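Taking it in order: structure first as structure tokens, then the write-up.
Bear in mind these aren't lab numbers, they're just calculated from the coordinates by the rules spelled out. Since this is a predicted model, take the numbers as computed values, not measurements. Cβ atoms come from the backbone with ideal geometry, glycine included; neighbour counts cover every protein chain shown.
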Amino acid sequence: MIPTVVLRWSNRLEVALARRFGWSIVSRVLGVDVAVLETVGATTGTRRRSIVAWTNGPDGDLLIGGGAGGRSQVPDWVANLRSTPEARLTIARRTHDAIAREPTGDERSRALEITFREWPFAADYESRSGRPIPVFLLRQSDGSTDLLTRVHG
């Protein structure tokens with residue numbers, strides 16, 4: 001198990017790389033797209049930045065998942081989004097205001113299908129951690145669904 005202090009330091013490094021260059025070590029090693037997710041701390045109210053993998057979600061939303069590399073602890077950003085769904089995403093050095101929501105029922109099932117198809121290793125994370133992987137859908141604050149177009153365009 002990796003010590004928490006190492007994980008925090010590596011998160012800071014990943015965030016700095018993604019903000020400056022638009023990529024991180026995780027994105028290169030795992031071949032995934034990453035974003036810097038900025039949330040408000042659920043208990044502290046302090047702005048927090050985390051590196052998250054993202055993919056195209058249903059209906060033009062971005063999908064992010066809290067697999068945390070198979071660790072049993074749910075990532076802090078999950079509680080932050082549950083408490084305050086307003087967030088900022090920095091993708092490819094562009095920052096966007098977004099609103100997050102945690103899908104339920106059939107929508108969650110659909111989001112998990114996408115998650116496991118895009119990130120096959122996430123299914124292993126779920127079994128290793130012994131907890132369901134939280135997933136969130138994010139849309140631009142203005143309600144538009146063209147965030148990915150703007151990111152890739």
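Miscellaneous remarks
- Candidates ILE64, ILE91, ILE133, ranked by Gaussian network fluctuation over the chain, Cα under 10 Å, top entry: ILE133
- Each of ASP97, ASP106 has some number of other Cβ atoms within 10 Å of its Cβ, and from fewest to most they run ASP106, ASP97.
- Sorted fewest first by neighbouring Cβ atoms within 10 angstrom, VAL32, VAL135 come out as VAL32, VAL135.
- A crude spin-label estimate for the pair SER109 and ARG20, with each label 7 Å from Cα along the Cβ direction, gives 4.6 nm.
- Under the Karplus curve 6.51 cos²θ - 1.76 cosθ + 1.60, θ = phi - 60°, whole-Hz ³J(HN,Hα) for the range 75-90, x wherever Gly or Pro sits: x, 4, 5, 5, 4, 5, 5, 5, 7, 9, x, 6, 8, 10, 10, 10
- Distance between the C-alpha centres of the range 21-68 and the range 89-129: 9 Å, rounded to the whole angstrom.
- Sequence-separation-based contact order of the range 4-152, relative, with Cα cut under 8 Å and 6+ spacing, percent: 25
- Kirkwood radius for the range 25-80, taken over all pairs of different Cα atoms as the inverse mean of 1/r, rounds to 12.4 Å.
- For the range 4-152, pairs of C-alpha atoms spaced more than 25 angstrom apart make up 20 percent of the total.
- The calculated FRET efficiency for ARG117 paired with THR84, based on their beta-carbon distance and R0 = 25 Å, is about 0.25.
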